[in-house]
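Quick notes on the structure that follows.
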Amino acid sequence: MSQTPHNQTPYVDRDAHFAKLEELAGVAVSIETLFKTEPNRIDNFVMREGPLRADFSKQQISAAARDALLSMAAGCQLDEWRAKLFAGETVNTSEDRAVLHMALRGVGGTHDIQKDVEAMRKKIVKFANRIRKDGVFKNIVHIGIGGSDLGPRLVADAFEASAEQALTLRFAENVDGASVNDAVKGLDPKETLAIVVSKSFGTQETKMNGNAVRAWLTEALGDKAGDHMLAVTANRDGAQEFGIPASQIFDFWDWVGGRYSVWSAVGLSLQIAYGPKVFAEFLKGAKRMDEHFRDQPLAENLPVMLAMVGVWNRNALGFTSQAVIPYARRLRKFSAFLQQLEMESNGKRITRDGKEAGLTCPIIWGDEGTNGQHAFFQWLHQGTPGAPVDFVAVLKDHEDRADHHRALLANCFAQSEALMLGKPEWKVREDLGERDDVDTLAPQKTFPGNRPSTTITLDELSPFALGHLIALYEHKVFVQGVIWNVNSFDQWGVELGKVLATTILSEIENGDAGDHDASTAALMALLK
Ligand code: F6P
């Protein structure tokens, strides 16, 4: 085991690895050429694990570049870091915490941790089954933001593909009053259970929305309102101070990061709405990916490959963003979910050792296909510089609309092909034929092509496959954190805005101008 203190990382010559990548990028040939010169490209660049297949062959990565990326992963001591992660060592160094969300899926963690997880799981299953059976509650309002919201929202949508929602599930996240108003609109307080979800129980938005829902319940139910409120938290005292009785609190632990918490009691509303059996499948799917990530050698490891492709695109090819386009309506929240997962984890400019990190996490963005084709795909095809795309598609039709499904998938496959092949100017000129404006029009109608993408397909959108997919990206983030040498598990960057908002709010409420720059002072004056 490494003797390096937690706040330092062993010396790794990252510069040499990045230099090698740059050298290879300098001589990179087009993706189309790679298909011609590498006859085994499909075998070498397609990976499968359970219900998930990932095709990396349309990336601009030669066999030599792939080898260099794997050697970089090994050189950055990924094996050692991975072992530390699963052993429950303090990999979140700046907060002095282990990172063990995999233990929620039954992988890793000490015997005591597994006992706690099991006890909590049993408590949740019992509770969820009771609520589902006795039928008093017909609605759940899930109150939380960030990691306490995005995962449950994504998963609820995706479960719709294959599971029945037994209770209406609404979400209130934003501090904008519209969020809570929409969440309770048309619901009967007598039939509504509010679940306040906050790891810290210190989040302004969640506390305000929790209070608003409590007032809404109290207006109709008086003293009984308290029976309609639960809390999910890693800060039991905070939840009690907020007024939730101890017996109505479901715990999770500080070794579960907010953006990795959907597997914990944070998923309580999902367990009630869709049933513990569905949720158990979701956990199993993630567990299988954990085991794959933990046990497979780097060269055969899906999260490693996904991560290193991202490193290539960011650090060698210089792309500043990464698009994620699910061709699946029920995964439409996936890009928003990944935005937090990836950018809050690896959106860092300083290494674990306190030095400049260089280029780290790109901007993660996207929306569902085919909608995006009628919005931002113009930029993907012809904008500068474009962005690598992760396409995510589901092979099974869950909607009993085979014709729609075929069209959806045809669009997905066509887009990756079009991005790669483009349409050369000579071909455009041939199509345009003789005309006066050919010299100005042909370049505008040319598609440069050679734009990289990965296509991930799931055999079906089962809870198992969904767990598998999310865990794949979680581990990708970990691998990239190791390569960039940043701590993927803290989020100091969200603090400053929160502090200033608290100051400004109290100044606005007290009619105090405070001490601000001219622009902020003028904005505050607008409220007078
Ligand atoms: O603002 C960022 C953040 O701290 C996230 O990391 C977290 O998921 C979210 O706020 C909500 O935090 P909590 O679950 O503690 O309310």
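The values are calculated or read from the model by the stated rules, or taken from the named source; none is laboratory data. Worth saying up front: this structure is predicted, and the values here are computed from it rather than measured. All Cβ positions, even for glycine, are placed from backbone atoms using ideal geometry, and neighbour counts span all protein chains on display. The area values use the complete protein model at the heavy-atom level, side chains included, leaving out ligands, DNA and RNA. Shrake-Rupley method; radii C 1.70, N 1.55, O 1.52, S 1.80 Å.
For the stretch 38-74 and the stretch 126-145, compute the distance between their C-alpha centroids and round to whole Å. Going from one Cα centre to the other spans 44 Å. Our compactness index for the stretch 201-268, the C-alpha radius of gyration over the empirical 2.2 N^0.38 Å, is 1.14. Between rounded, prolate and oblate, where does the stretch 1-147 land on the alpha carbon gyration tensor, with a ≥ b ≥ c its root eigenvalues, rounded for a/c under 1.5, else prolate if a/b exceeds b/c? Oblate, because a/c is 1.5 or more while a/b does not exceed b/c. Annotation: the antiparallel percentage among DSSP beta bridges lying fully within the chain is about 25. For the chain, the solvent-accessible area of protein heavy atoms averages 44 Å² per residue (probe radius 1.4 Å; ligands and nucleic acids excluded).
Rounded if a/c is under 1.5, else prolate if a/b is larger than b/c, else oblate: which is the stretch 369-528, with a ≥ b ≥ c the root eigenvalues of its Cα gyration tensor? Here the stretch 369-528 falls in the oblate category. Our summary of shape: the Cα atoms of the stretch 110-283 have principal axis extents of 46, 35, 27 Å, ordered from largest down, in whole angstrom. Determine, from the Cβ-Cβ distance of residue 398 and residue 23 and an R0 of 30 Å, the FRET efficiency 1/(1 + (r/R0)^6), rounded to the nearest 0.05. So the FRET efficiency works out to roughly 0.05. When the stretch 54-168 is described by a simple charge dipole with +1 on each Lys and Arg Cβ and -1 on each Asp and Glu Cβ, the residue from 127, 81, 100 located farthest towards its positive end is 127.
Here the chain has 51 percent of its accessible surface on carbon and sulfur atoms, given a 1.4 Å probe and all protein chains in place.
How many angstrom lie between the Cα centre of the stretch 199-223 and the Cα centre of the stretch 346-421? Taking the Cα centre of the stretch 346-421 as reference, the centre of the stretch 199-223 is 37 Å away.
Partner lysines whose Cα lies under 22 Å from the Cα of residue 284, excluding those fewer than 8 positions away in the same chain, are identified as 115, 122, 123, 126, 333, 396, 476. Within the stretch 339-441, the GluC sites (Glu not before Pro) that combine a DSSP coil assignment with at most 10 other C-beta atoms in a 10 angstrom radius are 434.
Based on C-alpha pairs under 8 angstrom that are at least 6 apart in sequence, the chain has a relative contact order of 19 percent.
For residue 237 and residue 64, the difference between the fully extended length at 0.36 nm per residue and the C-alpha to C-alpha distance is 56.8 nm. Since only 244, 298, 480 are under comparison, the one whose Cα sits farthest along the positive direction of the charge dipole of the chain, derived from C-beta charges on Lys, Arg, Asp and Glu, is 244. Charging the Cβ of each Asp and Glu at -1 and of each Lys and Arg at +1, and nothing else, the dipole of the chain about its Cα centre rounds to 1220 debye.
Calculated FRET efficiency, residue 123 to residue 79, Cβ-Cβ distance, R0 = 25 Å: about 0.10 to the nearest 0.05. At what distance in angstrom do the alpha carbon centres of the stretch 224-281 and the stretch 320-337 lie from each other? That distance is 27 Å.
The alpha-carbon of residue 445 sits under 30 angstrom from the alpha-carbons of these lysines, leaving out residues fewer than 8 places away in its chain: 36, 58, 423, 427.
Bins of 20 Å, beginning at zero and ending with the bin holding the largest distance: percent of Cα pairs per bin for the chain, please. Result returned by the calculation: 20, 51, 26, 3, 0.
Projecting label points 7 angstrom from Cα along Cα→Cβ for residue 407 and residue 35 puts them 2.6 nm apart. For the stretch 368-457, the list of trypsin sites (Lys or Arg not before Pro) that fall in a loop by DSSP and count at most 12 other C-beta atoms within 10 angstrom reads 401, 435. Once you sort the root eigenvalues of the Cα gyration tensor of the stretch 194-320 as a ≥ b ≥ c, which label holds: rounded (a/c under 1.5), prolate (a/b larger than b/c) or oblate (the other case)? Prolate, because a/c is 1.5 or more and a/b exceeds b/c. Taking amide H as placed 1.01 Å from N in the peptide plane, residue 394 has its amide H under 5 Å from the amide H of 458, each at least 5 places away in sequence or on another chain.
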